[in-house]
Amino acid sequence: MCGILGYIGGREATPLLLDGLKRLEYRGYDSSGIAVISEGKLIVRRSMGKLSQLETLIEKEPVDGKIGIGHTRWATHGRPSEMNAHPHKAGKIVVVHNGIIENYLSLKEMLMGEGHTFKSETDTEVLSHLIQRYIFKGKNFEEAVRSALEDLQGSYAIGVLSESDPGKLIAARNESPLIIGMGVDEFFIASDVPAILNHTRDVIFLDDEEMAIISRGDIKITDPKRKEVKKNIVKINWSPTQAEKGGYRHFMLKEIFEQPQAIIDTFRGRILKEKGEIYWEEINLSPRKLEPIKKIAIIACGTSWHAALIGKFMIEEFCRIPVEVDLGSEYRYRDPIVNHQTLLILISQSGETADTLASLREGKKKGASTIAISNVVGSSMVRGSDGVIYTHAGPEIGVASTKAFTTQLVALYLLTLHLGKVFNTISAEKRRMMIQELIRLPHQVEEILREESKIEEIARNYMKCNDFLYLGRGINYPIALEGALKLKEISYIHAEGYPAGEMKHGPIALVDEEMPVVVLITRDKTYRKVLGNVEEIKARKGKILAILDHRDEGMMEKVDASVFLPGTNAALTPILFTIPLQLLAYYIGVFKGTDVDQPRNLAKSVTVE
Ligand code: F6R
């Protein structure tokens, strides 16, 4: 939610800010702006709409300078408009902000009472006025920012410039992500790593309530008590080209096609084939630590929550431990039963989702052991958890999650194998077989990707439909939810996912000749039951798009379209079923002309509640 960026160094700031904001645009894209100090004067350029509109404005009205901040917005307080776009200026202070200032109304009232006038409807503008107020009171720039932050309640990642102190960039965070890129004689601040990968891979992760005071040749980081803190520089091993489209029309398509490699990267170096064992560096869960665990709770949001639902099937079946799954937004509000015998698993691509982070805090407070499954090195979730399993999907730029999801499933599969060994519920022989199947998986995903043109054709035939139903059973029921979510996000078509067995309890009322039903069919104990559902849909003239985990010529004749998947073990079928559903949503979005990489109203990383 919202991307912020800042630069100080020897190069022209404007092109660097625009380039970095482009890479952060997936975090928000309803308006954008920059502020640059040019010959001692603060110049602000802001525009409503996509970043290209800001670029057009800057082409007409260029701005030079070697220090600047920028912002791409996802509106929380105040509608998308130029007036509400960041940066927000008050006197000689300008601020970009990601997060929510919860007490902004009372602060605004107090400031207005003192004669401050506001131009926007945002919470952020309060902060620029507060800082300016402390400067009026005689504090220096650094102390004014620190004092203003002390008045805030809520979350923030900020970049601040002052016309009176034109050689300094100040950055701070609390519950919203912020990193500092360490270049040669230059520094960047950014919400996320891809924004600065072209310039440096050396990064400092700011912690909550830390503030960085950055000048051309120096950086100082302080804690809330104003004490200087020494921070580690982390080397990021993502390459800049991973964050480019690389010849694909959209990031989403590129990321769908990156899945075979992302899956390999997620299990590579972690499997001991002959022993049937998993080798972890970072999980930090020794058998001794796992001994007291009686229950697992998996918490996540959106697509990651679908991964969590599948994790429950995997872990309960193979490890025989009860698993409960919760949405991050619900968990802490239902006073969950958690204690030191609970293992809490947080799944989050970004590692910054506010609701999942709040669940982590809730679980820790109650004594749970915690593991994050995350794609982002050094993210808040990772740093707050006892252990981490990284998905090595590489940067995911498309707003709709694709490769992050399938690699989360791989991580859960590896975790299942690990727990199965520790709890002695999966034999060594079975583990070896399960690892063999995992090794075959990337080729099977490639095989499905070769069906792209067939799925494109199906998408062309059904793109005009107004509603879709997705049905799956057992471990693939969450894939029905995921297929429906992907279609909704990318194409804005109404879609619902259901466990197939529930169809008769309501959704069948929706079925008519206009309604495509995507049915996920597996050759297991539910096979006959799902065939029954297919007949019921046909009897009501519904259109059936069948995806099967085996070749079934008879089914081809019954249904309107079919895709066959290669065979694997049940726990890995969700990964294979996901691929055609991603392509279906992608191509329907493309045919409808939607902005598939940045669908309306969405943002990649939901850092506010
Ligand atoms: C859907 C999607 C979202 C995210 C959700 C959680 O395509 O991307 O539903 O899965 O916002 O995000 P993370 O995994 O970063 O916590």
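What the table below lists for this structure:
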{"item": "Within the accessible area of region 253-448 (1.4 Å probe), percent carbon and sulfur", "result": "52"}
{"item": "Spatially near lysine pairs across region 81-228, Cα under 21 Å, sequence gap of 8 or more or different chains", "result": "22"}
{"item": "Per residue convex hull volume, Cα atoms of region 210-292, in Å³", "result": "241"}
{"item": "Principal axis dimensions, largest first and in whole angstrom, of region 3-244 by Cα", "result": "51, 42, 33"}
{"item": "Spatial separation of Cα centroids for region 562-577 and region 298-360, in angstrom", "result": "24"}
{"item": "In Hz, Karplus ³J(HN,Hα) per residue of region 589-602 (6.51, -1.76, 1.60; θ = phi - 60°; x = Gly, Pro)", "result": "x, 4, 5, 7, x, 7, 8, 5, 7, 9, x, 4, 6, 9"}
{"item": "Cut-off under 5 Å, modelled amide H: who pairs with N174 long-range", "result": "Y156, A157, E209"}
{"item": "For region 313-419: rounded, prolate or oblate by the Cα gyration tensor [a/c cutoff 1.5]", "result": "oblate"}
{"item": "Burial ranking of peptide ranges 290-297, 237-244 (average Cβ count within 10 Å, highest at the top)", "result": "290-297, 237-244"}
{"item": "Considering only the chain, percent of DSSP beta bridges that pair antiparallel, nearest 5", "result": "60"}
{"item": "Whole-Å distance, taken between Cα centres, linking region 1-80 and region 105-123", "result": "24"}
{"item": "Mean separation of Cα contacts under 8 Å (6+ apart) over length of the chain, as relative contact order %", "result": "12"}
{"item": "Dimensionless Rg over Rh [region 451-592; C-alpha; Kirkwood]", "result": "0.92"}
{"item": "Region 443-502: C-alpha gyration tensor shape, a/c 1.5 cut-off, then a/b vs b/c", "result": "oblate"}
{"item": "Per residue solvent-accessible surface (Å²) - region 3-244, probe of 1.4 Å", "result": "39"}
{"item": "All-pairs Cα distance distribution in the chain, expressed in whole percent, bin size 20 Å", "result": "20, 49, 27, 4, 0"}
{"item": "Structure-based [θ]222 nm, the chain - -39500 (n - 2.57) summed over DSSP H runs of at least 4, per residue, nearest 500", "result": "-11000 deg cm²/dmol"}
{"item": "Interchain or long-range residues, amide H under 5 Å from R201's placed H", "result": "none"}
{"item": "In sequence order, calculated HN-Hα J values of region 214-223 (Karplus, 6.51, -1.76, 1.60; Hz; x Gly/Pro)", "result": "10, 10, 3, x, 8, 9, 10, 10, 10, 9"}
{"item": "For M515, distant residues with modelled amide H under 5 Å away", "result": "K543"}
{"item": "Estimated Rh, region 253-448: Kirkwood, alpha-carbon pairs, angstrom", "result": "16.6"}
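The values are calculated or read from the model by the stated rules, or taken from the named source; none is laboratory data. Since this is a predicted model, take the numbers as computed values, not measurements. Glycine also receives a Cβ, built like all others from the backbone with ideal geometry; neighbour counts cover every protein chain displayed. Just so you know, the surface numbers come from the protein's heavy atoms only, side chains and all, with ligands and any DNA or RNA stripped out. Shrake-Rupley method; radii C 1.70, N 1.55, O 1.52, S 1.80 Å.
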